[in-house]
Amino acid sequence: MDELVLYIVKNLVSKPDEVKLETKDEEGMTSLSLSVAPDDMGIVIGKAGQTIRAIRKLLVSRAIAESNNLRVNLNLQES
């Protein structure tokens, strides 16, 4: 899942070197913390949050495909 998020986000932003992703696994839930450059926040969020919402939907469908018990949470943070 990490590779999927990094691939999508790095291809969206203007500063792909500043994209960082931290993963924490806790009791059946995976929390992903995504950091991008301040200039790229708007691109990743998208108009009315459409882009980040679409990335989250992809993660949920991927998690369901891998395991029915896996839950995923993606947080966006400014670096």
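The values are calculated or read from the model by the stated rules, or taken from the named source; none is laboratory data. A quick note: this is a predicted structure, and the numbers were derived from the prediction, not measured. Every residue, glycine among them, receives a Cβ derived from its backbone with ideal geometry; neighbour counts consider all protein chains shown. We work out accessible area using only protein heavy atoms, side chains counted, and drop any ligands, DNA or RNA first. Shrake-Rupley method; radii C 1.70, N 1.55, O 1.52, S 1.80 Å.
Quick notes
- Matching entry among Ala65, Ala48 (being out of contact with any strand residue (DSSP E or B) (no Cβ under 6 Å at 6 or more places or on another chain), open to solvent by 70 Å² or more (accessible area, probe 1.4 Å) and modelled with pLDDT under 90): Ala65
- When region 2-40 is filtered for residues that are under 9 Å from the mean Cα position of the chain (by Cα) and of a type outside the set (Gly, Ala, Ser), the ones remaining, listed by number, are Asp2, Leu4, Val5, Leu6, Ile8, Val9, Leu21, Leu32, Leu34.
Results for (1) farther than 24 Å from Leu70 by Cα; (2) free of Cβ contacts under 8 Å to residues at least 24 places away in the same chain, shown as yes or no for each residue.
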| position | (1), (2) |
| --- | --- |
| Lys15 | yes, no |
| Asp25 | no, yes |
| Ser35 | no, no |
| Pro38 | yes, no |
| Met41 | yes, no |
| Gly46 | yes, yes |
| Lys57 | no, yes |
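- Checking Ser14 against (1) exposed (fewer than 14 other Cβ atoms within 10 Å of the Cβ); (2) closer than 16 Å to Asp2 by Cβ; (3) of a type in the set (Gly, Ala, Ser); (4) at pLDDT 95 or above, the condition it does not meet: (2)
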